[in-house]
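The next block holds one structure in the form of structure tokens; read it before the comments.
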Amino acid sequence: MLSPEYVRRIAPYVPGKPVEELAREYGLAEKDIVKLASNENPRGPSPRVRQAIADAVAGVTRYPDGNGFALKTALATRFGVEREQVVLGNGSNDILELVTQAFLRPGDEAVYSQHAFAVYPLATQARGATGVTVAARELGHDLDAMHAAITPRTRIVFVANPNNPTGTWLTPSVLKSFVAAVPRDVLIVLDEAYNEYLRPAQQCDTASWIAKHPTLIVSRTFSKAYGLAGLRVGYGLMDIAVADMLNRVRQPFNVNSVAQAAALAALGDTAYVEESARLNLAGLEQLMRGLDALGIGYVPSHGNFLLVRIGDAAMVYDRLLRKGVIVRPVANYGLPEHLRVTVGLEEENRRFLSALREAVGNTGPGES
Ligand SMILES: *Cc1c(COP(=O)(O)O)cnc(C)c1O
């Protein structure tokens with residue numbers, strides 16, 4: 001093959017199984033399938049956002065605003081930064097990719113934690129750079145060890161907070177000390193995809209740290225709490241000089257016009273996001289109570305998902321699929337005994353718990 005060796009070595013990202021695929025493969029009706037596999041908001045976009053999407057459709061004959069003026073202005077106002085400090089992405093995955101494109105050369109190193117989000121190693125490897133995986137501490141980031149792993153070749157450190165798939169979370173004070181201690185020639189990508197799900201007392205305005213730490217990049221997304229995963233919009237907040245580099249390597253129209261309009265409306269609909277976060281906490285409680293009753297362990301989560309310790313995860317995953325419940329195997333994250341389940345609506349959580357009870361129980365005759 002003609003592609004570089006480091007590209008051929010990439011193990012492609014494995015997404016959650018789509019509802020349509022399961023329906024096709026197992027002959028199930030789509031309406032009977034519960035998908036709790038990709039940490040999406042089970043409520044869908046808010047009514048205001050749906051209206052904004054409908055209104056934006058008429059404009060799709062034109063190219064989008066490549067500078068995302070309206071959305072960037074709203075984000076800059078929200079976070080108290082300059083508009084030039086905001087970079088929009090085709091999902092926040094795009095931001096992660098753009099950082100590696102703009103800053104990693106073959107031979108450079110990027111540091112991330114064991115069990116951290118799968119896109120960090122993928123994006124690093126695609127540039128021919130070397131990924132340095134730091135052993136986790138109690139499944140979460142070991143920031144001391146990550147700091148110790150930084151070498152003169154390190155260009156980027158990735159930190160997911162909360163982390164997916166473990167749901168672990170670092171307190172702002174611990175994180176702030178880490179940011180202050182990282183050498184000034186190393187970028188810190190702070191991935192806050194689940195920030196909106198934190199309790200208000202846990203929220204922290206990390207973007208305000210950028211002024212003092214110009215190598216800090218805060219990345220967030222409209223895919224999770226805002227319910228816009230299908231439209232692909234995320235953003236990064238960073239120093240103007242860093243943003244300038246990302247803008248050089250991004251596609252000129254990387255965020256489409258419908259997505260920009262939807263994200264702008266979603267950002268303004270704070271009540272909807274707050275209600276989503278509140279329902280998520282109730283759903284987490286429901287799942288934890290149900291798992292407790294089944295005697296099944298889990299990792300306390302700060303996101304909209306729960307890492308469940310199940311033993312033979314591959315078998316349980318398959319049994320759940322046959323019952324029309326899609327969750328996420330995480331063996332590729334070095335967690336072969338766990339499954340990750342997204343918090344769904346109350347009825348979906350109930351479906352999951354009852355399917356799980358059957359899947360792990362003594363399946364009587366006739367059950368497969
Ligand atoms: C879901 C997720 C993202 C971003 O997804 P996008 O849809 O590309 O915005 C980023 N980081 C983590 C840790 C995630 O779980």
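Rule-based calculations on the coordinates, nothing more; no lab input. This one's a predicted model, so the numbers in the text were calculated from it and none came from an experiment. As a convention, Cβ positions derive from the backbone with ideal geometry for all residues, glycine included, and neighbour counts pool all protein chains shown.
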Burial ordering of LYS212, LYS323, LYS72, fewest other beta-carbon atoms within 10 Å first: LYS212, LYS323, LYS72
Whole-Hz couplings from phi, Karplus 6.51/-1.76/1.60, listed for the range 5-18; x for Gly and Pro: 4, 5, 6, 5, 7, 5, 8, x, 4, 9, x, x, 5, x
Ranked list, fewest to most other Cβ atoms within 10 Å of each Cβ, for GLU84, GLU109, GLU30: GLU30, GLU84, GLU109
Spacing of the two label points (7 Å from each Cα toward its C-beta) at ARG184 and ARG137, in nm: 2.7
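With a ≥ b ≥ c taken as the square roots of the eigenvalues of the C-alpha gyration tensor of the range 111-174, please select rounded if a/c is under 1.5 and otherwise prolate if a/b is larger than b/c or oblate if it is not?
Details: a/c = 2.09, a/b = 1.37, b/c = 1.52.
Oblate, since a/c reaches 1.5 and b/c is not below a/b.
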Sites VAL60 and THR270, calculated FRET efficiency, Cβ-Cβ separation with R0 30 Å, nearest 0.05: 0.65
Computed [θ] at 222 nm, helices only, for the chain once each DSSP H run of length n ≥ 4 contributes -39500 (n - 2.57): -11500 deg cm²/dmol
Computed label-point distance, nm, for sites ALA11 and GLN51 using a 7 Å Cα→Cβ extension: 4.8
Label-point separation, GLN202 to GLU30 (7 Å along Cα→Cβ), nm: 3.4
The range 312-362 versus the range 19-79: alpha-carbon centroid distance in Å: 25
Overall form of the range 236-363 per C-alpha gyration tensor (a/c, 1.5; a/b vs b/c): prolate
Built amide H within the under 5 Å cut-off of PHE305, gap 5+: VAL343
Karplus-derived HN-Hα couplings along the range 315-320 (A = 6.51, B = -1.76, C = 1.60, θ = phi - 60°), whole Hz, x at Gly and Pro: 5, 5, 4, 5, 5, 5
Cα gyration tensor, the range 47-269 - rounded (a/c under 1.5), prolate or oblate: prolate
Highest-MSF residue in the chain out of PRO45, PRO162, PRO172 [GNM, Cα springs under 10 Å]: PRO172
Residue order, fewest to most surrounding Cβ atoms within 10 angstrom, among MET238, MET315, MET288: MET315, MET288, MET238
Per-residue HN-Hα couplings for the range 65-81 [Karplus 6.51, -1.76, 1.60; θ = phi - 60°; Hz; x = Gly/Pro]: 5, x, 9, x, 3, 5, 5, 5, 4, 5, 5, 4, 5, 4, 9, x, 10
Mean Cα-pair separation over length for the chain, i.e. relative contact order, pairs under 8 Å, 6 or more apart, %: 24
Angle in degrees between helix 346-360 and the longest Cα principal axis of the chain, rounded to the nearest 10: 60
